[in-house]
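The next block holds one structure in the form of structure tokens; read it before the comments.
Values in this text are rule-based calculations from the coordinates and carry no lab data. Keep in mind that what you see is a predicted model, and the values were worked out from it rather than measured. Ideal geometry is used to build each Cβ from the backbone, glycine not excepted, and the neighbour counts take in all protein chains shown.
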Amino acid sequence: MDALSKLLKTQDWLLADGATGTELFNMGLQSGDAPELWNADHPDRIRALYQGPVDAGSDIFLTNSFGGNASRLKLHEAQSRVFELNKLAAEIGREVADQAGRPVVVAGSMGPTGDIMEPVGTLSHASAVEMFHEQAEGLKAGGADVLWVETISAPEEMKAAAEAIALSGMPWCGTMSFDTAGRTMMGVTAPALAAQMDRLKHPPLAFGANCGVGASDLLRTVLGFGETPKHVIAKGNAGIPKYHDGHIHYDGTPELMADYAVLARDAGARIIGGCCGTTPTHLRQMRDALETRPSGPKPSLEQIVSALGGFSSESDGTDGAGPTRTRTSSRGARRTRARA
């Protein structure tokens, strides 16, 4: 049995990690730089990146390989280094996990290619599978326990990633990013993602949502998955993004993220973490809340709004309505993209 399945069999919930980009920018990464190059150039910083969530109590952390496919790395003339950089990302993670003194899962992050797939765009299914497979093999060679496809918008890209991972023989998880009106950028709804995961020949161990427009919307998406036999993932952003002194900061407090974590658990998520703006300080309070607050019934939409702020739109994506924005309270989160 793989490491993630073992943990899921023994624990009611697992704490995942938080933001990658937020932490790397704090370490000196500049806008436009490729974080994956730091796996070779600054391994000490990547080790610190992983150590943060482990020390905060995370059971799972994602590797610094979100943009580690050939299409993304080509922007930095590093497309020939896909295997190397992904292998390094996982190797550093393996070292940190093995020294944790408890079971910690190393999840090999695989983000979108950045290209639009056929027939709308030019990226063919075969090319996407090839790119994802190359990345998967690097992460596998470096010692990742599971592969983690994240921030996907198109079902065709998720299908290509699943096929590529099947070729590598690795277990995997997959999350999409849902935007305004409860849909991904390519129009996928929560029920549609759940249905797709049931149809895949190489299904994931768990699936869910990450990033998107904030914690309130993400929990509405989790509720939208409905009853599913698969484990559900919730990785929401920490508050509202604000630009200050040349950087984007998120104003979601550790207390807000602790409330979010408990609501995510009660909504049915088995793997709970943060995305943009979520630091180890947030993760510590999330873990404490999950350990000390009793489980409750599935939260209503009204309870989510009361705790975390309003939704970005009236629609959850299942009624065919367009993205009509509603007022968001100061505790809510607004639209953001990428895994910051």
Can you find, among His76, Val222, Gly212, the residue sitting farthest towards the positive end of the charge dipole of the chain, where Lys and Arg contribute +1 and Asp and Glu -1 at Cβ? Val222
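How big is the convex hull of the Cα atoms of the stretch 78-185, per residue, in Å³?
Numbers: hull volume 11.9 nm³, N = 108.
Per-residue hull volume (Cα only) is 110 Å³.
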Compute the distance from the alpha-carbon center of the stretch 1-78 to that of the stretch 174-220, in whole Å. 21 Å
Report the residues of the stretch 61-103 in range of a label on Met27: point 7 Å along Cα→C-beta, backbone N strictly under 16 Å from it. 61-68, 85-97
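Determine the alpha carbon to alpha carbon distance for each of Lys74/Lys140; Lys159/Lys201; Lys9/Lys230 and list only those over 20 Å. Each step should come with its number before you reach the end.
Working: Lys74/Lys140 22 Å; Lys159/Lys201 9 Å; Lys9/Lys230 13 Å.
From the list (Lys74/Lys140; Lys159/Lys201; Lys9/Lys230), the Cα-Cα distance tops 20 Å for Lys74/Lys140.
If you average the sequence gap of Cα pairs under 8 Å that are 6 or more apart and divide by the length of the chain, what percent do you get for the contact order? Don't jump to the answer; show the numbers that get you there.
On the way: 787 pairs, mean separation 61.4, N = 340.
RCO, the chain: 18 percent.
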To the nearest 0.05, what FRET efficiency results for Thr122 and Thr292 with a Förster distance of 45 Å applied to their C-beta separation? 0.30
Can you list residues from other chains, or at least 5 along the same chain, whose modelled amide H is less than 5 Å from the amide H of Ser109? Thr63, Ser65, Trp148
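What per residue convex hull volume, in Å³, do the alpha-carbon atoms of the stretch 141-291 yield? Present the calculation step by step, with values, prior to reporting the outcome.
Numbers: hull volume 19.4 nm³, N = 151.
Per residue, the Cα convex hull of the stretch 141-291 comes to 129 Å³.
Just the projected area, averaged over all directions, of the convex hull on the alpha carbon atoms of the chain: how many nm²?
On the way: hull surface 62.5 nm².
Projected area, direction-averaged: 15.6 nm².
Any chance you could run the full-extension gain for Asp2 through Glu130? It's 0.36 nm times the residue separation minus the Cα-Cα distance, nm to one decimal. Please list the in-between numbers first.
Values: separation 128, 0.36 × 128 = 46.08 nm, distance 2.44 nm.
Roughly 43.6 nm would be gained on extension.
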Describe numerically, in nm with one decimal, the distance between label points set 7 Å from Cα along Cα→Cβ at Arg47 and at Thr253. 3.6 nm
